[in-house]
Amino acid sequence: MKSKAYMYILLCNDGSYYTGSTTNLDIRISQHLTGEGSNYTRKHKPIKLLYTEEYNSIEEAYLREKQVQGWSRKKKEALICGEFDKL
């Protein structure tokens, strides 16, 4: 059985967004919250999961992560808010 994968966006305590991908969302969020995640979240302290998308493979989730990372803050906020007409 193939496991699911996720692309996600976190809100950090300085108001910035962190975009990542994982095959286990619960464990990965826990890692970010305890300082065991990425260098970025270690410095910027994530406070809330804002958005997720589910994929059939980590490769798909990773490609989406990289796409969203290249977006402007305004475009990320439109995605988070479900304002797909603004993407």
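The values are calculated or read from the model by the stated rules, or taken from the named source; none is laboratory data. What you see is a predicted model, and the numbers here were worked out from it, not measured in a lab. Positions of Cβ are backbone-derived with ideal geometry, glycine not excepted, and every protein chain shown enters the neighbour counts. Protein only, heavy atoms only, side chains kept; ligands, DNA and RNA dropped before computing areas. Shrake-Rupley method; radii C 1.70, N 1.55, O 1.52, S 1.80 Å.
Taken over region 4-22, the criterion of being open to solvent by less than 10 Å² (accessible area, probe 1.4 Å) and either of a type outside the set (A, V, I, L, M) or more than 14 Å from G37 (Cβ to Cβ) (or both) is satisfied by A5, M7, Y8, C12, T19, G20.
Can you confirm whether L50 is in a helix (DSSP H, G or I), at pLDDT 95 or above and in contact with a helix residue (DSSP H, G or I) (Cβ under 9 Å, 6 or more places away or on another chain)? When the stated conditions are applied, L50 does not pass them.
As a summary of the residue check, I58 satisfies the conditions (1) open to solvent by 40 Å² or more (accessible area, probe 1.4 Å); (2) within 12 Å of the chain's Cα centre (by Cα) except for the one numbered (2). The residues of region 1-27 that are of a type in the set (D, E, K, R) and assigned to a helix (DSSP H, G or I) amount to a single one, D26. If you go through region 61-87 and pick out every residue that is touching a helix residue (DSSP H, G or I) at 6+ places or on another chain (Cβ under 7 Å) and either without any contact (Cβ under 8 Å) to a residue 60 or more places away in the chain or open to solvent by 90 Å² or more (accessible area, probe 1.4 Å) (or both), you end up with 3. Taken over region 28-47, the criterion of being surrounded by 15 or more Cβ atoms within 10 Å (Cβ to Cβ) and part of a helix (DSSP H, G or I) is satisfied by R28, I29, Q31, H32, L33, Y40, T41, H44.
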